[in-house]
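Heads up, the thing below is written out as structure tokens.
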Amino acid sequence: MDRLEDLYRDLLEHLKTADLVVLTTHLSPDGDGIGSQIALAKLIDNFDVEVRIINHDPAPPELDFIDPTGRIEIYCPERHDEKILTANLVICVDNSAPQRLGEMRGPIERSAGITVTFDHHPQPDPFWRKRVVDETASCTGEMVYRLQEESGFPMCLEAARAIYVALVGDTGRFRFGNTNARALKLAVDLVEIGVQPAAVHTLLDERKSLGYLRLLGESLKELEVLCRGRLVVLNVTAEQIERTGARPGDTSEIINEALRLEGSCVAALFRQSGSAETKISLRSKRSLDVNALARRFGGGGHRNASGMVLDCGMEEARRSLLPLLEELVSESNSS
Ligand code: 5GP
Ligand code: MN
């Protein structure tokens, strides 16, 4: 059974007959993870089922408006392990990599319920009993929208707004390569339900912290331009995050600025997250595949946006990766 509609129908059957469903997503959740969870929870609310959204890390503050009733709980073993172990379904949206579940990996692995990844990233991890994956979807939110259509229940405004946040997050505000007719038609559908794009963008894009802007300024000031401008590198130390008051997750957005340089095709951001831990974000343009590189180091993502965490300091991480990134940008002169 691998037709998507069949997978959706099968999942809906399991949802309808469940008593308890746990929803989770990846570490440092983003708009697609959080938006998909809220919309999926709203869909499951139609079926007299207890739904708990349990995440390892809190959502970025600018996403607070898509969870107005505070449904999202932050994982605490004492309070939540029992729920995870006894749930009929544990669904992870926007992620299949078990290493991106943090401390929740153990209880999810031991859960008596059916574990499901509901995701649009390629090559789902076999960790999950069911894998509902559509790598052609612009965002996981789009898949929740299709699941809702399959269910026959109308979508409420709160869910539509959450999906809109997922969509604009993963398409880079309709700029990235995944912005296709399907993604734009989805935006039309969501606006027809009542989503107001301008109001959403005010909440999403005009409430940045001073720390974010300061870190953005500092990191761009030190931007490294390599391979005749094709490779751009940013470096963020733990001290900079601490001093500016930015959040570690802010670097996921800061890296996108680097690719605005004319002629650039790959950007890398090295963020020190401990004396022996470095988080690396990779972004690329067109056919250049940074996912393949991230996977070699235990990370993953999409062709044009991937990430990984290495158990070493920044300098060592740079020494391991920069030559490979240089090789990648020199591989294809036309891309
Ligand atoms: P970011 O660089 O913003 O953290 O992540 C960019 C993309 O790469 C996202 O699609 C995210 O899901 C994926 N990603 C980031 N870090 C990791 C990682 O450590 N492992 C895997 N499998 N994917 C990652
Ligand atoms: Mn996503």
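Taken together, the residues in region 302-323 that are within 7 Å of ligand 1 (Cβ to nearest atom) and crowded, with 20+ Cβ neighbours inside 10 Å amount to 5. Within the set ARG303, ARG283, the sole residue that is within 16 Å of ligand 2 (Cβ to nearest atom), part of a strand (DSSP E or B) and among the charged types (D, E, K, R) turns out to be ARG283. Looking only at region 161-183, residues that are over 15 Å from ASP32 (Cβ atoms) and in contact with a helix residue (DSSP H, G or I) (Cβ under 8 Å, 6 or more places away or on another chain) come to 1 in all. Please verify whether PRO77 is farther than 26 Å from PRO154 by Cβ, under 22 Å from the mean Cα position of the chain (by Cα) and not hydrophobic (A, V, I, L, M, F, W, C), treating the condition exactly as stated. For PRO77, the condition - farther than 26 Å from PRO154 by Cβ, under 22 Å from the mean Cα position of the chain (by Cα) and not hydrophobic (A, V, I, L, M, F, W, C) - is not met.
Would you check if there is a residue in region 201-219 being among the hydrophobic types (A, V, I, L, M, F, W, C), in contact with a Ser or Thr (Cβ under 6 Å, 6 or more places away or on another chain), within 17 Å of GLU62 (Cβ to Cβ) and in a helix (DSSP H, G or I)? It would help to see each step written out before you state the result.
The first filter runs over region 201-219 and keeps only residues among the hydrophobic types (A, V, I, L, M, F, W, C), leaving 203-204, 210, 213, 215-216.
If we keep only those that are in contact with a Ser or Thr (Cβ under 6 Å, 6 or more places away or on another chain) too, we end up with 215.
Within this subset, residues satisfying the condition of being within 17 Å of GLU62 (Cβ to Cβ) are 215.
Filter again for in a helix (DSSP H, G or I), leaving 215.
Scanning region 201-219, I find at least one residue that is among the hydrophobic types (A, V, I, L, M, F, W, C), in contact with a Ser or Thr (Cβ under 6 Å, 6 or more places away or on another chain), within 17 Å of GLU62 (Cβ to Cβ) and in a helix (DSSP H, G or I), so the answer is yes.
Being among the small types (Gly, Ala, Ser), within 24 Å of SER306 (Cα to Cα) and at pLDDT below 95: is that true of GLY177 here? Step through it out loud before you land on a result.
Values: among the small types (Gly, Ala, Ser): yes; within 24 Å of SER306 (Cα to Cα): yes; at pLDDT below 95: yes.
Considered against the rule, which asks whether it is among the small types (Gly, Ala, Ser), within 24 Å of SER306 (Cα to Cα) and at pLDDT below 95, GLY177 comes out as yes.
Within region 172-199, the residues that satisfy the criterion of being surrounded by fewer than 22 Cβ atoms within 10 Å (Cβ to Cβ) and either not in a helix (DSSP H, G or I) or not assigned by TED's automatic domain parsing to the domain that holds ARG9 (or both) are GLY172, ARG173, PHE174, ARG175, PHE176, GLY177, THR179, ASN180, GLY194, VAL195, GLN196.
Filter region 1-27 for residues that are at pLDDT 95 or above and assigned to a loop (DSSP other than H, G, I, E, B); which is farthest from LEU147 (Cα to Cα)?
LEU27
Of all residues in region 231-279, those satisfying the criterion of being within 16 Å of ligand 2 (Cβ to nearest atom) and among the polar types (S, T, N, Q) are SER252, ASN256.
Of all residues in region 112-138, those that are under 12 Å from ALA97 (Cβ atoms) and more than 13 Å from ligand 1 (Cβ to nearest atom) have Cβ atoms under 7 Å from Cβ atoms of residues that are among the polar types (S, T, N, Q) and part of a loop (DSSP other than H, G, I, E, B), 6 or more apart or on another chain, in TRP128/SER96.
Just name the residue that is farthest from ligand 1 (Cβ to nearest atom) out of those in region 253-275 that are under 18 Å from GLY217 (Cα atoms) and surrounded by fewer than 20 Cβ atoms within 10 Å (Cβ to Cβ). Please lay out each step first, then the result.
In the first step, residues of region 253-275 are kept if they are under 18 Å from GLY217 (Cα atoms); the result is 253-261, 267-272.
Filter once more, so that each one left must be surrounded by fewer than 20 Cβ atoms within 10 Å (Cβ to Cβ): 253, 256-257, 259-261.
Working: GLU253: 8, ASN256: 9, GLU257: 13, LEU259: 13, ARG260: 16, LEU261: 18 Å.
That would be LEU261.
Considering only residues that are assigned to a loop (DSSP other than H, G, I, E, B) and in contact with a Gly (Cβ under 7 Å, 6 or more places away or on another chain), look in region 33-76 and name the one that is surrounded by the most Cβ atoms within 10 Å (Cβ to Cβ). That would be PRO60. Number of residues in region 28-57 that are over 16 Å from GLU150 (Cα atoms), touching a residue at least 40 places away in the same chain (Cβ under 8 Å), more than 13 Å from ligand 2 (Cβ to nearest atom) and out of contact with any strand residue (DSSP E or B) (no Cβ under 7 Å at 6 or more places or on another chain) equals 3. A residue that is closer than 24 Å to ARG286 by Cβ and in contact (Cβ under 8 Å) with a residue 12 or more places away in the chain cannot be found anywhere in region 149-161. For region 103-150, enumerate the residues that are in a strand (DSSP E or B) and either of a type in the set (Asp, Glu) or not assigned by TED's automatic domain parsing to the domain that holds ALA87 (or both). ASP119, the sole residue that qualifies.
Counting the residues of region 276-294 that are near ligand 1 (Cβ under 8 Å from one of its atoms) and either surrounded by fewer than 17 Cβ atoms within 10 Å (Cβ to Cβ) or more than 13 Å from HIS121 (Cβ to Cβ) (or both) gives 5.
Within the option set GLU192, GLU206, being among the acidic types (Asp, Glu) and more than 21 Å from the chain's Cα centre (by Cα) holds for one residue only, GLU192.
The values are calculated or read from the model by the stated rules, or taken from the named source; none is laboratory data. Since we're looking at a predicted model, the values are computed, not measured. With ideal geometry, Cβ positions are generated from the backbone for all residues, glycine too; neighbour counts draw on all protein chains shown.
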